[in-house]
């Protein structure tokens, strides 16, 4: 089959929204299809969103491929008679983050009108799609709540899970992600003020803004946590990341209302490590069963500290949970066989 995978990107920002495109392209080709991916720059700026969406609508790919697979919002505005969606999230500031502490859109007459435009454009594109899948149950629920669309989740796997392994259950909790407000690394650092054991915290990733960088570094210094918190403030190599996972006690991934379980959770489970997350972290609860392959706890620093200490004092528990995490991947059929079958049927 001749397939085009299309998505929008924020230039020079890597992450799950980019990986899912590259990995799907590679795997479709591996399964024998002729594939081309198209990544279109799209900036989430409410002042230009209407013109950007109109520009997308003017693309014409109807005669260029047998099937179009659209991923990140609002790439699905492109027209095609055989359009599939792997819908990973809305323009969230216009939907579930509207009015929350994590959006920065002023409430004025023109922004209400822009929001209505976005929702109507999305509704039109969704009606055009032949099939719509999501990356999680939580995104499926949002589609149903906001757009009256029923969609089944197809969980995204890692491209090379074989690179992850387990070496030991060491003395540190590991957090791998870009460092920004809604990923809440700051809360993990705050938790280190309350631990009673010698457990440590390692955070790796690139700061999204200088503001969050100053806040985190000042918090570590102000609370004299330099010997407890290791900050690797850059994008590390895949080899380095696998090594951190291989030697950590457990992993932590505590974003606010995440769209899915997040690749860091999956990387941890392929390393046979438990994952600590929160009750308000969104899609992580679809992968993590509290007390089985990790913890889903209240988003409070002292609660995190209790779990850090518990795992440090009972490394056999950490090992059991980590092995359960590896098994959980198979339970949910998080495989490329499942993905390719859905998008080529």
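Where a number appears in this text, it was derived from the coordinates with a stated rule and is not lab data. Computed from a prediction, not measured in an experiment: that's the story for all the values here. Positions of Cβ are backbone-derived with ideal geometry, glycine not excepted, and every protein chain shown enters the neighbour counts.
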Checklist outcome for this item: Rounded to one decimal in nm, the spacing of the 7 Å Cα→Cβ label points at residue 209 and residue 159 is 3.0
Item to check | Cα-projected label distance for residue 12 with residue 171, points at 7 Å along beta-carbon direction, nm | outcome: 4.0
Next on the checklist: Please compute the length gained on full extension between residue 236 and residue 182, using 0.36 nm multiplied by the number of residues separating them and subtracting their Cα-Cα distance.
Outcome noted: 17.4 nm
Next on the checklist: Give the average over all directions of the projected area of the C-alpha convex hull of region 161-331, one decimal, in nm².
Outcome noted: 8.5
Item to check | Sequence of 50, 187 once ranked by neighbouring C-beta atoms within 10 Å, starting from the fewest | outcome: 50, 187
Next on the checklist: Below 8 Å, C-alpha to C-alpha, sequence gap of six or more: please give me the relative contact order for region 217-345 in percent.
Outcome noted: 22
Next on the checklist: Could you work out how much longer the chain between residue 19 and residue 62 gets when fully extended? Use 0.36 nm per residue separation minus the Cα distance between them, nm to one decimal.
Outcome noted: 13.0 nm
Next on the checklist: Defining a contact as two alpha carbons under 8 Å apart and six or more residues distant in sequence, what relative contact order in percent does region 154-227 show?
Outcome noted: 34
Checklist outcome for this item: The distance between the Cα centres of region 252-330 and region 166-185, in whole Å, is 11
Checklist entry - Expressed in nm², what is the orientationally averaged projection area of the convex hull enclosing the Cα positions of the chain? => result 16.8
Checklist entry - Relative contact order for region 2-154: what is it in percent, counting Cα pairs under 8 Å that are at least 6 residues apart? => result 21
Checklist entry - What does the highest-first list of 19-25, 166-172, 278-284 look like by mean Cβ count within 10 Å? => result 278-284, 19-25, 166-172
